[in-house]
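Here is the structure we will look at.
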Amino acid sequence: MDSAIVLVRALDLVGTFVFATSGAAMGVRRGLDLFGVLVLGCVTATAGGVLRDVLIGAIPPAALSSWLPLAIALVAGLLAFRFDRVLEKLRQPVQFFDAVGLGVFAVAGTQKALAFGLDWPMAIVLGMVGGIGGGIARDVLTARVPTLLRSEIYAVAALAGGLVVVAGASIELESTVGGLLGIVVCTSLRLLALYRGWKLPVATPRDDDG
Amino acid sequence: MDSAIVLVRALDLVGTFVFATSGAAMGVRRGLDLFGVLVLGCVTATAGGVLRDVLIGAIPPAALSSWLPLAIALVAGLLAFRFDRVLEKLRQPVQFFDAVGLGVFAVAGTQKALAFGLDWPMAIVLGMVGGIGGGIARDVLTARVPTLLRSEIYAVAALAGGLVVVAGASIELESTVGGLLGIVVCTSLRLLALYRGWKLPVATPRDDDG
Amino acid sequence: MDSAIVLVRALDLVGTFVFATSGAAMGVRRGLDLFGVLVLGCVTATAGGVLRDVLIGAIPPAALSSWLPLAIALVAGLLAFRFDRVLEKLRQPVQFFDAVGLGVFAVAGTQKALAFGLDWPMAIVLGMVGGIGGGIARDVLTARVPTLLRSEIYAVAALAGGLVVVAGASIELESTVGGLLGIVVCTSLRLLALYRGWKLPVATPRDDDG
């Protein structure tokens, strides 16, 4: 199972890199200066995990105990700042890795929350917080209504990944197996939603009033 | 005094329900999808208490230790999503229960902060944070200047409720009696401000410059 | 060295006052009522330090353990509300003290994070969080993209101040000497950037795409 752990660690760093890229790209588009772009990249990559760790009492948060996540986020931000035109052309690979990052963060967050003794429904919620918190912070800092709340199946995929982790734990599946299964489910669901255009219902243009 | 505790518990759940309804209704109005509406409902119902608990060191926060508040917030969000037209017509009852929720959250937060050893002025501030934090998070997530900061007597009522709790404790009043008194003071003040149109002064259109 | 400690304490209160003034002035400009102005002043003065303390596990945060910072922030808010026209004319002194406040908060935050056992790169980051967090919270609450992320050398000055503290500690400089040096470096850098119009590069109007 060692190789599975190495895989999860590697995916975690990939997730950090991709989330930081998405934050930095938003900063470039909104006309922030170099520092603002780097900060937005770091916040997008770490805010979800930091919030999750604060809420479960894992202090200092993982993103502040090691310099590696922050260093990766800074490199991603610098690259996004320098090569923002290239990024535009790469939209599909970015969306693919973003889906992988979502799966990894949601699964790792759920497992961490379970390890800190939270009940399983709350552990799934905290996994989701770890997966989507960064994107929400990115949008709040650029004064937009978070896109995650507006469209597409994103957080729901994170919940599904967390649910797989919990289900796996309840049938005493090895945690790396359950984790990998959760990542696959979350990432596939997100990618399917993207490419098929699945969306959740919206209330606004309704004519019946129940 | 048992019945008083039951009353406070029941009011706490009523407050959660009403705050979640207010968040979900805002989500519907801003065109969020079903998931966004549910998240906004849950955040509005729990963010104030979660922030308060993080600041006083009550980890994990109460809203994450039990599934009941989140379940109530989800039900409120689903109802608001389905019956948003009905909600419009119910504005007065919603405002009434919102005032009750504010009182309950402000009082319970002040008592909890006192129990965690904070000085009384800070306990009152943290009671207010618990009462108004959810509404502020709701407005930040929908990219608006929080309405609580702009108009009407709302947070001031929360401070008044907390002050009654502290005053009651200083004369060794039974804590449930002090709490109920605080809820009555806060809720009445809020309702009076609503129906009489009381507002706090605004600086902008001034002609003298001191 | 006692007088140096007294100096740092005094500067810390000056920083609180100036940051609160900047938040309250923004509240007046955005048409908030008296309460909103006071809240925005208090949040601007304390949010950075509170976030830093939550992240390093210093619970309850310093701003909630003593009533003094909050009282100073309230007085600053009341003055800003009453004398907002005067404030306009005082822009230069306000910017001067704001730079001093930034230096003090960045240095004190770095030292506190080191004392709580964080690695030095993270300690510098947390010092910066303490110095700029309030301004970011102020802008988020008034639904603006934080100005710190958009222009001028501000957070970079905070990082420089923190770096001086860390460098001083590594050559076993007395911590008050290192701290004062850090404050001088951060404040001077910020003032130079202000008066010379130094800015960081912005990505938007580029024609080469790397």
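Structure notes:
- Conditions (1) open to solvent by less than 10 Å² (accessible area, probe 1.4 Å); (2) on the phi > 0 side of the Ramachandran plot: number failed by A:A143: (1)
- Looking only at residues of region C:138-159 that are part of a helix (DSSP H, G or I), facing another protein chain (nearest Cβ under 10 Å) and of a type in the set (A, V, I, L, M), we find that the one that is nearest to the chain's Cα centre (by Cα) is C:A155.
- Residue match in region A:43-58 (condition: open to solvent by 20 Å² or more (accessible area, probe 1.4 Å), out of contact with any Cys (no Cβ under 6 Å at 6 or more places or on another chain), within 21 Å of A:F97 (Cα to Cα) and more than 14 Å from every other protein chain (Cβ to nearest Cβ)): no
- Hey, B:A123 at pLDDT below 90 and not in a loop (DSSP other than H, G, I, E, B) or not: no
- Scanning region C:59-69 for residues that are more than 14 Å from chain A (Cβ to nearest Cβ), of a type in the set (A, V, I, L, M, F, W, C) and open to solvent by 40 Å² or more (accessible area, probe 1.4 Å), we see that the one that is nearest to B:A58 (Cα to Cα) is C:A62.
- The number of residues in region B:91-108 being open to solvent by 80 Å² or more (accessible area, probe 1.4 Å) and in contact (Cβ under 8 Å) with a residue 60 or more places away in the chain comes to 2.
- Residue among A:A123, A:A167, A:A158, A:A137 that alone is touching a helix residue (DSSP H, G or I) at 6+ places or on another chain (Cβ under 8 Å) and surrounded by fewer than 21 Cβ atoms within 10 Å (Cβ to Cβ): A:A167
- Residue within region B:173-182 that is loosely packed, with under 15 Cβ neighbours inside 10 Å and either among the hydroxyl-bearing types (S, T, Y) or at pLDDT 90 or above (or both) present: no
- Index of the failed condition, A:G109 passing every other in (1) closer than 24 Å to C:V202 by Cβ; (2) touching a Leu at 6+ places or on another chain (Cβ under 6 Å): (1)
Here is a yes/no grid of residues against (1) farther than 26 Å from A:V185 by Cα; (2) out of contact with any His (no Cβ under 6 Å at 6 or more places or on another chain); (3) modelled with pLDDT of 90 or more:
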site	(1), (2), (3)
A:L40	yes, yes, yes
A:L55	no, yes, yes
A:A62	no, yes, no
A:S66	yes, yes, no
A:A80	yes, yes, no
A:V86	yes, yes, no
A:A115	no, yes, no
A:T147	no, yes, no
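- Residue in region C:70-83 that is among the charged types (D, E, K, R) and more than 10 Å from chain B (Cβ to nearest Cβ) present: no
- Filter result for C:V28 (open to solvent by 20 Å² or more (accessible area, probe 1.4 Å), in contact (Cβ under 8 Å) with a residue 24 or more places away in the chain, within 10 Å of chain B (Cβ to nearest Cβ) and not in a loop (DSSP other than H, G, I, E, B)): no
- Taken over region A:47-86, the criterion of being touching a residue at least 12 places away in the same chain (Cβ under 8 Å) and touching a Gly at 6+ places or on another chain (Cβ under 7 Å) is satisfied by A:A47, A:G48, A:G49, A:L51, A:R52, A:P61, A:A62, A:A63, A:A73, A:A76, A:G77, A:A80.
- One residue from A:V100, A:V86, A:V54, A:V107 being in a helix (DSSP H, G or I) and touching a Pro at 6+ places or on another chain (Cβ under 7 Å): A:V54
- Of all residues in region B:109-118 being touching a helix residue (DSSP H, G or I) at 6+ places or on another chain (Cβ under 8 Å) and surrounded by fewer than 24 Cβ atoms within 10 Å (Cβ to Cβ), the one that is farthest from the other protein chains (Cβ to nearest Cβ): B:Q111
- Per-region count, region A:57-81, residues polar (S, T, N, Q) and part of a loop (DSSP other than H, G, I, E, B): 1
- Test: residue in region C:77-90 that is within 25 Å of B:V125 (Cα to Cα) and open to solvent by less than 20 Å² (accessible area, probe 1.4 Å): yes
The values are calculated or read from the model by the stated rules, or taken from the named source; none is laboratory data. Treat the numbers as computed from the prediction; the structure is a model and nothing was measured. Ideal geometry is used to build each Cβ from the backbone, glycine not excepted, and the neighbour counts take in all protein chains shown. Only protein heavy atoms, including side chains, enter the accessible area calculation; ligands, DNA and RNA are left aside. Shrake-Rupley method; radii C 1.70, N 1.55, O 1.52, S 1.80 Å.
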